[in-house]
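K.L.:
Submitted below is the structure of interest, expressed as structure tokens.
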Amino acid sequence: MMQNIGFIGIGNMGIGMAANLAKFGHRVRVFDLSKDAIARAVEQGCTASDSVKSAVENADIVITMLPAGAHVLAVYGDEGGVFNHAKSGALLIDCSTIDVETARKVSKLASDKSFEMLDAPVSGGTIGAAQGTLTFMCGGSDNTFNRSKQVLEIIGENIFHAGASGNGQAAKICNNMLLGICMIGTSEAFNLAEKLGLDAQVFFDISKTASGQNWSMTSYCPAPGPVPKAPSNKDYAAGFSAAMMLKDLRLSQEASIQTGASTPLGARAKALYELMGEQGHSDLDFSAVIKLLADSL
Ligand code: NAD
């Protein structure tokens, strides 16, 4: 069934998601602070709006894809925001990656206004957004999740319900903290192997079937050679930038402080990606940390 969708935040990720919803046949009204972003979305079959209000006032579903928690709070809670202008019964889905605390706060504000809201951060990057193959990690009630599934299945391949509000964000930052740590560990192993005179391909062939095997190695190897499609073979042009990894590691460390969880390797990973930024390499792929560790960036 065709639905009216209000889509706020059509940057690198949002554009592909909004375009796929329009291609599917939904009526997608978009708003972004960038006029260029709006123009790109119109080329993809979406309708332009000049405010959050006009994007959401007739929407059955509101989707947001914004940089960080402060943007999400403002877009939903400001005078001209979603809570004041969405129609009663509209389903609200925030796909941005933000801190768990803000996600829970916005969802509480939504339920105070009788809206159903889902936090639904994604993994899969801009390629997944363009191809409609994102993974969604969702937090919210069973009912809200079930209502959202139909629309998320158009833009995603794997849709997980992680529990109550905020748990989608929790799954996202725990996963990405683990990814950052694994990428650094894998990089250290390849650098040490090289110093010991062990060929990268030989080490890869052994380790991928031994107990060191992990996704950072087998699908995204930081050493050039073994995984042809990995950014390491394209001068570390970003698939997932060091800046994005740092953002998620910062969120994980804020959550560690708030909860009292001990994450010393997460803290160290954050420090290494901060150093990469200080050295001016935030735009490189996060796997370029192998070069930082080898002192060859
Ligand atoms: P982006 O910066 O390209 O897009 C964000 C868009 O939001 C921009 O176009 C900006 O103009 C718009 N915006 C900001 N404040 C606004 C407001 N008040 N009203 C309307 N529009 C506003 O970022 P992105 O790469 O698309 O990422 C979006 C979110 O997805 C982030 O939370 C990011 O962490 C997450 N994410 C990104 C990737 C990735 O590979 N890019 C992967 C997974 C998750």
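The values are calculated or read from the model by the stated rules, or taken from the named source; none is laboratory data. Model, not experiment: these values are computed from the prediction. Note: ideal-geometry Cβ built from the backbone for every residue, glycine included; neighbour counts use all protein chains shown. Accessible surface areas use protein heavy atoms only, side chains included; no ligands, DNA or RNA. Shrake-Rupley method; radii C 1.70, N 1.55, O 1.52, S 1.80 Å.
K.L.:
Amide H neighbours of Val28 under 5 Å, at least 5 residues apart or on other chains, H built in the peptide plane: list them.
P.N.:
Those lying under 5 Å, H to H, from Val28 are Ile5, Thr47.
K.L.:
Restricting to Cα pairs below 8 Å that are 6+ residues apart, what does the relative contact order work out to for segment 223-278? Please round to a whole percent.
P.N.:
31 percent.
K.L.:
So what's the projected area for segment 1-124, the Cα convex hull averaged over all directions, in nm²?
P.N.:
Over all viewing directions, segment 1-124 projects a mean Cα-hull area of 6.8 nm².
K.L.:
What ranking do 128-137, 170-179 get when scored by the average of other Cβ atoms within 10 Å per residue, highest first?
P.N.:
170-179, 128-137
K.L.:
Using the heavy atoms of the protein chains alone and a 1.4 angstrom probe, what is the accessible area of the chain per residue in square angstrom?
P.N.:
Averaged over the residues of the chain, the accessible area is 47 Å².
K.L.:
Show me the helices of the chain, taken as full DSSP H stretches, that run 30 Å or more along their long axis by Cα and average -1.0 or above in Kyte-Doolittle hydropathy.
P.N.:
167-195
K.L.:
Once you sort the root eigenvalues of the Cα gyration tensor of the chain as a ≥ b ≥ c, which label holds: rounded (a/c under 1.5), prolate (a/b larger than b/c) or oblate (the other case)?
P.N.:
prolate
K.L.:
How high is the FRET efficiency between Lys113 and Ala48 when r is their beta carbon distance and R₀ equals 25 Å, given to the nearest 0.05?
P.N.:
The pair Lys113/Ala48 has a calculated efficiency of 0.40.
K.L.:
With contacts defined as alpha carbon pairs under 8 Å and 6 or more residues apart, what's the relative contact order of segment 167-297 in percent?
P.N.:
31 percent
K.L.:
Pull up the cross-link candidates among the lysines for Lys195, meaning alpha carbon to alpha carbon under 17 Å and not fewer than 8 places away within one chain.
P.N.:
Lys291
K.L.:
If you plug each phi of segment 45-54 into the Karplus form 6.51 cos²θ - 1.76 cosθ + 1.60 with θ = phi - 60°, what whole-Hz ³J(HN,Hα) values come out, in order, with x for Gly and Pro?
P.N.:
x, 8, 10, 6, 10, 9, 6, 4, 3, 6
K.L.:
What is the spread of the Cα atoms of segment 107-169 along each of their three principal axes, largest first, in whole Å?
P.N.:
Each principal axis gives a Cα extent; for segment 107-169 these are 36, 20, 17 Å.
K.L.:
Going toward the positive end of the dipole of segment 230-297, with +1 on Lys and Arg Cβ and -1 on Asp and Glu Cβ, which of Leu265, Leu246, Ala230 do you reach last?
P.N.:
Result: Leu265, furthest along the dipole toward the positive end.
K.L.:
Using a 1.4 Å probe over the heavy atoms of the protein chains, calculate the carbon and sulfur portion of the accessible area of the chain as a whole percent.
P.N.:
The computed percentage sits at 54.
K.L.:
Please list, or write none, the aspartates and glutamates whose alpha carbon is within less than 16 Å of the alpha carbon of Lys208, excluding same-chain residues fewer than 8 places away.
P.N.:
Filter leaves Glu188, Asp199.
K.L.:
Among all lysine pairs in segment 1-130 that are eight or more places apart or on different chains, how many have alpha carbons less than 28 angstrom apart?
P.N.:
Eligible lysine pairs with Cα atoms under 28 Å apart amount to 13.
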